[in-house]
Amino acid sequence: MNIDDLKSNWNSISFPPGYGGVPETAELMSRVRAGRVSTLRDRLASISFALTMLCLMGVLIMIPYFAATPTLAILAICFFIFIGSLHLRNYLRVRRLNFSIMSVREALAAVCAIETSRVRLKAIAMTLAFPLLLYMCFTFSSLYGHLMFYGCLAGGVIGATIGFFINRKSMTIIREMRRQLSDSEATDKN
């Protein structure tokens with residue numbers, strides 16, 4: 001094949017409609033400066049921050065129950081404060097990650113520490129939440145009627161399902177961070 005055939009073949013390549021090509025470097029840099037590019041670290045931090053705010057909301061929701069069930073309100077508020085503080089600690093650890101000044105090995109160790117911390121937090125939260133949920137179901141059903149027991153169980157199942165998907169998303173992000181860092185470490189060794 002000669003050069004003219006190559007040119008004609010190259011010119012005949014068609015791009016799909018709406019293909020804008022590779023974004024310009026200046027456009028990409030302006031998106032980064034404006035904060036419109038979300039990194040894996042930012043997404044993981046936003047999940048931890050949202051969980052911290054959810055725990056704060058749990059504290060606020062339980063305050064009105066002091067009049068009817070002070071023991072349940074105190075236990076639930078202590079649970080939400082404890083778990084919320086652990087999520088806040090994770091959020092601050094993730095926000096402190098600065099891959100641009102860390103070596104690949106340090107960054108990989110930090111990501112593994114965050115993953116270990118999240119696994120421990122999940123185990124602690126599930127261990128403490130299950131008896132609290134049962135106590136909450138029985139207390140509410142004795143106060144508000146037996147149908148409230150089924151409502152509490154349904155709420156527990158819905159909450160566990162939502163928690164499962166949140167945990168899956170955050171663990172996917174952590175695995176992707178580890179994979180990218182492992183790939184970087186492998187290329188650095190070569």
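Readers should treat all values here as calculations from the given coordinates under stated rules, not as data from a laboratory. Since we're looking at a predicted model, the values are computed, not measured. Every residue, glycine as well, gets a Cβ built from its backbone with ideal geometry; the counts of neighbours run over all protein chains shown.
How would you rank 170-181, 97-108, highest first, on the average number of other Cβ atoms within 10 Å across their residues? Working shown, then result.
Numbers: 170-181: 16.8, 97-108: 14.1.
Going from most to least packed, we get 170-181, 97-108.
What FRET efficiency, computed as 1/(1 + (r/R0)^6) with R0 = 30 Å and r the Cβ-Cβ distance, is obtained for S30 and F164, rounded to the nearest 0.05?
Working: r = 38 Å, r/R0 = 1.27.
For R0 = 30 Å, the calculated efficiency reads 0.20.
Multiply the residue separation of A123 and T39 by 0.36 nm, subtract the distance between their alpha-carbon atoms, and state the gained length in nm to one decimal. Before the final figure, lay out the partial values.
Numbers: separation 84, 0.36 × 84 = 30.24 nm, distance 2.69 nm.
Using 0.36 nm per residue and subtracting the Cα-Cα distance, I get 27.5 nm.
Once you charge only the Cβ atoms, +1 for Lys and Arg and -1 for Asp and Glu, what is the size of the charge dipole of region 99-180 about its Cα centre, to the nearest 20 debye? Before the final figure, lay out each step's value.
Values: 9 positive and 3 negative charges, 60 e Å.
Computed about the Cα centre, the dipole is about 280 debye.
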